[in-house]
Amino acid sequence: MSSISIVVITLNEEKRIGHLLEDLGKQCHQDFEVILVDSNSDDTTREIASSYEETLPDLTIHKMETRGVSLGRNTGASIAKHNRLLFLDADVRLPPDFLSRTLYQLETKKLEVAGFYMGAKDLPMIYKLGYYSFNFGLFITQFFFPTAVGACLFATKRVHQEIGGFDEQITLCEDCEYVKKASKTWRYRLLPLTFHFDPRRLDQDGAFKTGLTYLKANLRRFFFGEMRNNEMEYKFGHYKESV
């Protein structure tokens, strides 16, 4: 199976980054490097990540002075050693067989770019309903107007370079724009696998409001094109931590 460069973007993730790095250390498939691109965190994110250098010997921690989701992903991709790229957010959780099952799917289906469904295990029913609706939208749109969740997204360096990476002018739906560009040349599909991540945005903003925001954003994209002028403000790492 292929080697993988895993790009993880962080901003003040000291409470969560350890969980993801532990999950990566337990993967059945271990032929990968981890590139953690930190957006100049104010907390101990980088220090905690450094403590995993023994369990993740091919770990690189890169500090950026300028903050940004797309900038972080593009920076990580530029450092990557391998052709296969996996973009992850710091609050993602992965089962031990995630990488091995994903690589099997990618190689069997001959895909260079692919997304995943969001898992809702152990979440409240209102969140599960929201996730199921969102996943249904991901499934339907993959055939004519591809959308994706950038928190867990596979690509290759060839795809990334030829489409110009993530658009750093876009602050909302940059992941959807990424796969839409890629799908013009390469077949894009959702794989029948799920990942889990912290529902803190739903906790803070509300499940209904969050779902409505993404629905409005993608309808706007469909009819009027990408949003490069902050038409719908979306902040990176704006979460409030509970005491």
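The values are calculated or read from the model by the stated rules, or taken from the named source; none is laboratory data. The shown structure was predicted, so the numbers you read here are calculated from the model rather than taken from an experiment. Heads up, the Cβs are rebuilt from the backbone with ideal geometry, glycines too, and the neighbour counts pull from every protein chain shown. Side chains are part of the model used for accessible areas, which takes the heavy atoms of the whole protein and leaves out ligands, DNA and RNA. Shrake-Rupley method; radii C 1.70, N 1.55, O 1.52, S 1.80 Å.
Out of 166, 154, one residue alone is assigned to a loop (DSSP other than H, G, I, E, B), under 25 Å from residue 23 (Cβ atoms) and either open to solvent by less than 10 Å² (accessible area, probe 1.4 Å) or out of contact with any Gly (no Cβ under 8 Å at 6 or more places or on another chain) (or both). It is 166.
Looking across 213, 171, one residue alone is of a type in the set (Ser, Thr, Tyr) and surrounded by 20 or more Cβ atoms within 10 Å (Cβ to Cβ). It is 171. For region 94-146, a residue qualifies if it is touching a helix residue (DSSP H, G or I) at 6+ places or on another chain (Cβ under 6 Å) and under 19 Å from residue 20 (Cβ atoms), and the qualifying residues are 94, 117, 118, 120.
If you take the residues in region 69-102 that are in a loop (DSSP other than H, G, I, E, B) and touching a Ser or Thr at 6+ places or on another chain (Cβ under 7 Å), which one is surrounded by the fewest Cβ atoms within 10 Å (Cβ to Cβ)? Steps first, answer last, please.
Step one: of region 69-102, the residues in a loop (DSSP other than H, G, I, E, B) are 80-83, 90-91, 94-97.
From what is left, the residues that are touching a Ser or Thr at 6+ places or on another chain (Cβ under 7 Å) are 80-83, 90.
Details: 80: 20, 81: 13, 82: 17, 83: 16, 90: 27.
Restricting to residues being in a loop (DSSP other than H, G, I, E, B) and touching a Ser or Thr at 6+ places or on another chain (Cβ under 7 Å), the top hit is 81.
The number of residues in region 1-28 that are assigned to a loop (DSSP other than H, G, I, E, B), open to solvent by 20 Å² or more (accessible area, probe 1.4 Å) and under 20 Å from residue 96 (Cβ atoms) comes to 6.
Residue count for region 29-67 under the criterion of being part of a loop (DSSP other than H, G, I, E, B) and without any contact (Cβ under 8 Å) to a residue 60 or more places away in the chain: the result is 18.
Restricting 209, 181 to those that are charged (D, E, K, R), modelled with pLDDT of 95 or more and either over 16 Å from the mean Cα position of the chain (by Cα) or farther than 23 Å from residue 139 by Cβ (or both) reduces the list to 181. Kindly indicate whether residue 194 is of a type in the set (Val, Ile, Thr) and either more than 29 Å from residue 22 (Cβ to Cβ) or more than 14 Å from the chain's Cα centre (by Cα) (or both). When the stated conditions are applied, residue 194 does not pass them.
Of everything in region 29-49 that is out of contact with any helix residue (DSSP H, G or I) (no Cβ under 7 Å at 6 or more places or on another chain) and charged (D, E, K, R), the residue that is least open to solvent (accessible area, probe 1.4 Å) is 33. Against the list (1) in contact (Cβ under 8 Å) with a residue 60 or more places away in the chain; (2) more than 13 Å from residue 186 (Cα to Cα), the condition residue 122 fails is (1). Looking at region 107-125, is at least one residue part of a helix (DSSP H, G or I), of a type in the set (A, V, I, L, M) and surrounded by fewer than 18 Cβ atoms within 10 Å (Cβ to Cβ)? Yes, region 107-125 contains at least one residue that is part of a helix (DSSP H, G or I), of a type in the set (A, V, I, L, M) and surrounded by fewer than 18 Cβ atoms within 10 Å (Cβ to Cβ).
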